[in-house]
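Peer 1: For reference, the structure I am asking about is given below.
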Amino acid sequence: MSKFRTEKVTWVQHYTDKLFSFRTTRDPSFRFENGQFAMIGLMVEGKPLLRAYSMVSANHEDFLEFYSIKVPNGPLTSRLQHLKVGDDLVVGNKPTGTLVLDSLENGPRLWLLSTGTGLAAFLSILKDPNLYEKFDKVILVHGCREVAELTYEDFITRELPEHEFLGELAREKLLYYPTVTREPFRNQGRITDLIDTHKLEADLGFPPITPANDRFMLCGSEAMLRDLKKMLEDRQFKEGSLEDPGQFVVEKAFAER
Ligand code: A2P
């Protein structure tokens, strides 16, 4: 059996000169857990050129959606940014990843901490009804340099709360905390600093985080993950896996360097 399949691009949206999203058809036999990633890409000189991308779409949706940066000389993204409706996209057959709800112990609060395109995996998770079964409150934090990079704000603050099936749960349980570091905005500062000073919890009306009450999923740049993982471990949080669920899980945002 082939290791990948070919899907057709059905939608493309550019947000800034560095960020865009696209959708493709989805073969119904392509199965995944919300929060996972797959290898996707293009045929270049007869060979597949693939990179890891988290699915933005949820596993109950009949299309695939991905969120990407554009790296000027990136082997894949310099080509991918020119995708048009009707083009082919190669999609690997083996989705995988650590950002899955079953790797976390139950607890009252789940914090989804992302920077940049690390947001992608959490968009899939936000559409998972199990998320709202498992946690009383879910807080999505998205840290970016500039306001224009706070993409999907409309989906998070308008579309999801009005969703036919998930809307009521999202309205009751989901909080959104966008934060910007390089221009004025209502929330400012790096996620690490916001946690260090307890400003994040204070702004949202929660007590300081503890391993008893708080769970974390982290997705962002390597530096952000390294710093946040250390902060959580210093505070006695335990990393979880499917075999041994814990209080946080980590995945890097897949981007070309
Ligand atoms: P900053 O502007 O202070 O560098 P990038 O585009 O470089 O991936 O950054 C996305 C966001 O992540 C930016 O707001 C950036 O803040 C922030 N960031 C970068 N490094 C870290 C880190 N080690 N911990 C937390 N946030 C970080």
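Peer 1: Report, by residue number, each residue of region 40-76 that is touching a Phe, Trp or Tyr at 6+ places or on another chain (Cβ under 7 Å) and over 19 Å from His14 (Cα atoms).
Peer 2: Pro48, Arg51, Ala52, Asn59 - these are the residues of region 40-76 that are touching a Phe, Trp or Tyr at 6+ places or on another chain (Cβ under 7 Å) and over 19 Å from His14 (Cα atoms).
Peer 1: Taking into account only those residues within region 210-237 that are charged (D, E, K, R) and open to solvent by 80 Å² or more (accessible area, probe 1.4 Å), which is nearest to the ligand (Cβ to nearest atom)? Before you say what the answer is, go through the steps one by one.
Peer 2: Residues of region 210-237 charged (D, E, K, R): 214-215, 222, 226-227, 229-230, 233-235.
If we keep only those that are open to solvent by 80 Å² or more (accessible area, probe 1.4 Å) too, we end up with 222, 226, 230, 233-234.
Working: Glu222: 8, Arg226: 7, Lys230: 10, Glu233: 15, Asp234: 15 Å.
If we take residues in region 210-237 being charged (D, E, K, R) and open to solvent by 80 Å² or more (accessible area, probe 1.4 Å), then Arg226 is nearest to the ligand (Cβ to nearest atom).
Peer 1: Which numbered condition in (1) closer than 17 Å to Leu119 by Cα; (2) exposed (fewer than 13 other Cβ atoms within 10 Å of the Cβ); (3) small (Gly, Ala, Ser) is the only one that Ser29 fails?
Peer 2: (1)
Peer 1: Could we say that Leu204 is in the same structural domain as Ala148 (by TED's automatic domain parsing), more than 14 Å from the ligand (Cβ to nearest atom) and in contact with a Phe, Trp or Tyr (Cβ under 9 Å, 6 or more places away or on another chain) here?
Peer 2: Criteria met by Leu204.
Peer 1: Checking the conditions here, which among Ala38, Ala58 is among the small types (Gly, Ala, Ser) and assigned to a strand (DSSP E or B)?
Peer 2: Ala38
Peer 1: If you take the residues of region 237-257 that are part of a strand (DSSP E or B) and not charged (D, E, K, R), which of them is farthest from Pro211 (Cα to Cα)?
Peer 2: Val250
Peer 1: Next question. How many of the residues in region 218-241 are within 20 Å of Lys199 (Cβ to Cβ) and touching a residue at least 60 places away in the same chain (Cβ under 8 Å)?
Peer 2: Here the count works out to 4.
Peer 1: State which residue is nearest to the ligand (Cβ to nearest atom) when the search covers only region 162-174 and only residues that are surrounded by 15 or more Cβ atoms within 10 Å (Cβ to Cβ) and closer than 17 Å to Ile139 by Cα.
Peer 2: As a first pass, look at region 162-174 and keep what is surrounded by 15 or more Cβ atoms within 10 Å (Cβ to Cβ): 163, 166, 169-170, 173-174.
Imposing the further condition that a residue be closer than 17 Å to Ile139 by Cα reduces the set to 166, 169-170, 173-174.
Working: Leu166: 28, Leu169: 29, Ala170: 25, Lys173: 25, Leu174: 22 Å.
For region 162-174, the residue satisfying everything is Leu174.
Peer 1: Condition first: within 14 Å of Val250 (Cα to Cα), buried (at least 20 other Cβ atoms within 10 Å of the Cβ) and within 16 Å of the ligand (Cβ to nearest atom). Can you find one or more residues in region 98-112 that meet it?
Peer 2: Checked against the condition, which is being within 14 Å of Val250 (Cα to Cα), buried (at least 20 other Cβ atoms within 10 Å of the Cβ) and within 16 Å of the ligand (Cβ to nearest atom), region 98-112 yields at least one hit.
Peer 1: Scan region 77-105 for residues that are over 25 Å from Ser241 (Cβ atoms) and within 20 Å of the chain's Cα centre (by Cα) and jot them down.
Peer 2: Thr77, Leu80, Gln81, Val91 - these are the residues of region 77-105 that are over 25 Å from Ser241 (Cβ atoms) and within 20 Å of the chain's Cα centre (by Cα).
Peer 1: Being touching a Gly at 6+ places or on another chain (Cβ under 6 Å) and not β-branched (Val, Ile, Thr) is the filter here; which residues of region 214-249 pass it?
Peer 2: Of region 214-249, the ones touching a Gly at 6+ places or on another chain (Cβ under 6 Å) are 215, 219-220, 238-240, 246, 249.
Once the filter is applied, which keeps residues that are touching a Gly at 6+ places or on another chain (Cβ under 6 Å) and not β-branched (Val, Ile, Thr), region 214-249 yields Arg215, Cys219, Gly220, Lys238, Glu239, Gly240, Gly246.
Peer 1: Exactly one of these conditions fails for Ser78: (1) surrounded by fewer than 17 Cβ atoms within 10 Å (Cβ to Cβ); (2) hydroxyl-bearing (Ser, Thr, Tyr); (3) not in a helix (DSSP H, G or I). Give me its number.
Peer 2: (3)
Peer 1: Could you check Val56 against (1) on the phi < 0 side of the Ramachandran plot; (2) open to solvent by less than 30 Å² (accessible area, probe 1.4 Å); (3) modelled with pLDDT of 95 or more; (4) out of contact with any helix residue (DSSP H, G or I) (no Cβ under 6 Å at 6 or more places or on another chain) and say which number it fails?
Peer 2: All conditions pass for Val56, except number (4).
Peer 1: Also: Suppose we keep only residues that are assigned to a loop (DSSP other than H, G, I, E, B) and free of Cβ contacts under 8 Å to residues at least 24 places away in the same chain within region 41-55. Which one would you say is nearest to Ser2 (Cα to Cα)?
Peer 2: In this case the residue turns out to be Gly46.
Peer 1: Within region 178-194, is even one residue open to solvent by 60 Å² or more (accessible area, probe 1.4 Å), modelled with pLDDT of 95 or more and either more than 16 Å from the ligand (Cβ to nearest atom) or within 17 Å of Pro108 (Cβ to Cβ) (or both)?
Peer 2: No, the conditions are met nowhere in region 178-194.
Peer 1: Turning to a different aspect of this structure: So which residues in region 128-161 are buried (at least 17 other Cβ atoms within 10 Å of the Cβ) and in contact with a Ser or Thr (Cβ under 6 Å, 6 or more places away or on another chain)?
Peer 2: His142, Gly143
The values are calculated or read from the model by the stated rules, or taken from the named source; none is laboratory data. Since this is a predicted model, take the numbers as computed values, not measurements. Counting neighbours? That spans all protein chains shown, and the Cβs are built from the backbone with ideal geometry, glycine included. Side chains are part of the model used for accessible areas, which takes the heavy atoms of the whole protein and leaves out ligands, DNA and RNA. Shrake-Rupley method; radii C 1.70, N 1.55, O 1.52, S 1.80 Å.
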